[in-house]
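J.: Quick one: structure below, then a few questions.
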Amino acid sequence: MKPLSVFASALIAIPFLLHAKAPKELLKEAQANAAQSKKDVLMIFSGSGWHSRSKSFEEKVLKTDPFKKAMGKDFVQVLFAIPRTRDEAHEQILELEQDYHFKTIPSVVLTDFKGRPYAYSSEIREDATEYLKHLGEMHQVRVDRDKAFAAAFEEKDLKRAELYVNALKALPQNFIRDYYAPELTLIAEADKDGKTGYVAEIKKAEALKQEKARYNMMFRDKKYDDIIKASKKDGENLKGEDAQRIQMYEVQALYSLKKYDEAVTAIGAMKKLGPES
């Protein structure tokens, strides 16, 4: 397993011939086949053309007859290849990387036929039998998910919300906001007072994600003065750890501008915002 971040310009791509289908078209076909055969989709992101662990995984697991036979009972497989350089990347496969949040190769993402992911793994087994066991454990997550959703739907009010929350917490949390909006809506409707706190937790996580992306973009563009202004404005109505988090952007910008005395002063002010943090 090797992090994609290790490679300065490596992102995901499929090597295409002129007549080859686009990545999302391949995925759409896999989802259609899965729906027709009542199976799930096994998305595999690998790089056997240049990455030794990927090559070993494909040869010792994916290409073996025992794996293909057993895997085919529950899944429709779609394999995407990862090249060395970003320049080779197809835009749709880059979108899939964003959609399914995988960070290493080889990796697998398991979804239902609707495209809703329920499991992700970058764990490697070089024995087909062992990997099939691992795959079976991940597949059980979807089976349990559907049973839990069905049980929750039969309940009302807070009990319904709690069952949905427990079901969603068993899934990778970075998938929830984008793929489980219907269940989040049902939780909000059943828990109008927000006693479970789960919907608020998901919303806050999304807000933090967007905040980080916004500041990272300014840092990338070296807009340090803009960062300082934004940090002051964003922190006006915040307290405690939230206020400290926002002010840290200002501290980092001041250091980048080599305004060290001001940065030290900002750190002192930041500590006062949450002395017990």
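J.: Give the range 211-237 a look and list any residue that's part of a helix (DSSP H, G or I), among the charged types (D, E, K, R) and over 25 Å from Thr185 (Cβ atoms), or say none. Don't jump to the end; show me each part of the working.
T.: First, pick out the residues of the range 211-237 that are part of a helix (DSSP H, G or I): 211-220, 224-234.
In the following step, the residues that additionally are among the charged types (D, E, K, R) were identified as 211-212, 214, 220, 225-226, 229, 232-234.
Across the range 211-237, the qualifying residues are Lys212, Arg214, Arg220, Asp225, Asp226, Lys229, Lys232, Lys233, Asp234.
J.: Ok, one more. Check off (1) hydrophobic (A, V, I, L, M, F, W, C); (2) buried (at least 20 other Cβ atoms within 10 Å of the Cβ); (3) in a strand (DSSP E or B) for Ala167 and give me the number that stays unchecked.
T.: Every condition holds for Ala167 apart from (3).
J.: Which ones in the range 249-266 are surrounded by 16 or more Cβ atoms within 10 Å (Cβ to Cβ) and of a type in the set (A, V, I, L, M)?
T.: Listed by number, the residues that qualify are Val251, Ala253, Leu254, Ala263, Ala266.
J.: Further, regarding this structure: Yes or no: Asp99 closer than 26 Å to Arg142 by Cβ, in contact with a Gly (Cβ under 9 Å, 6 or more places away or on another chain) and either hydrophobic (A, V, I, L, M, F, W, C) or modelled with pLDDT of 95 or more (or both)?
T.: Working: closer than 26 Å to Arg142 by Cβ: yes; in contact with a Gly (Cβ under 9 Å, 6 or more places away or on another chain): yes; either hydrophobic (A, V, I, L, M, F, W, C) or modelled with pLDDT of 95 or more (or both): no.
Judged against the criteria, Asp99 is not a match.
J.: Could I ask something else about it? Out of all the residues in the range 170-210, which are closer than 25 Å to His139 by Cα and either of a type in the set (Lys, Arg) or not in a helix (DSSP H, G or I) (or both)?
T.: If the condition is that a residue be closer than 25 Å to His139 by Cα and either of a type in the set (Lys, Arg) or not in a helix (DSSP H, G or I) (or both), then Ala170, Leu171, Pro172, Arg177, Tyr180 are the ones that fit.
J.: Quick test for you: out of Glu130, Glu155, Glu97, Glu126, pick the one residue that is over 22 Å from Lys28 (Cα atoms) and part of a helix (DSSP H, G or I).
T.: None of the other options fit; the residue is Glu130.
J.: Pick out the one residue from Tyr198, Tyr179 that is closer than 21 Å to Pro117 by Cα, touching a Lys or Arg at 6+ places or on another chain (Cβ under 6 Å), of a type in the set (Phe, Trp, Tyr) and modelled with pLDDT of 95 or more. Please lay out each step first, then the result.
T.: Numbers: Tyr198 fails: touching a Lys or Arg at 6+ places or on another chain (Cβ under 6 Å).
The match here is Tyr179.
J.: Next question, about the same structure. Would you check which residues across the range 115-154 are basic (Lys, Arg) and modelled with pLDDT of 95 or more and list them? Working first, answer last.
T.: At the first step, the residues of the range 115-154 found to be basic (Lys, Arg) are 116, 125, 133, 142, 145, 147.
Once the filter is applied, which keeps residues that are basic (Lys, Arg) and modelled with pLDDT of 95 or more, the range 115-154 yields Arg116, Lys133, Arg142, Arg145, Lys147.
J.: What are the residue pairs meeting all of these: first residue in the range 62-81, first residue under 13 Å from Tyr131 (Cα atoms), second residue at pLDDT 95 or above and among the charged types (D, E, K, R), Cβ atoms under 7 Å, and 6 or more apart or on different chains?
T.: none
The values are calculated or read from the model by the stated rules, or taken from the named source; none is laboratory data. The structure presented is a predicted model; accordingly, all values stated were derived computationally and were not measured. Neighbour counts are summed over all protein chains in view; Cβ atoms, including those assigned to glycine, are modelled from backbone coordinates with ideal geometry.
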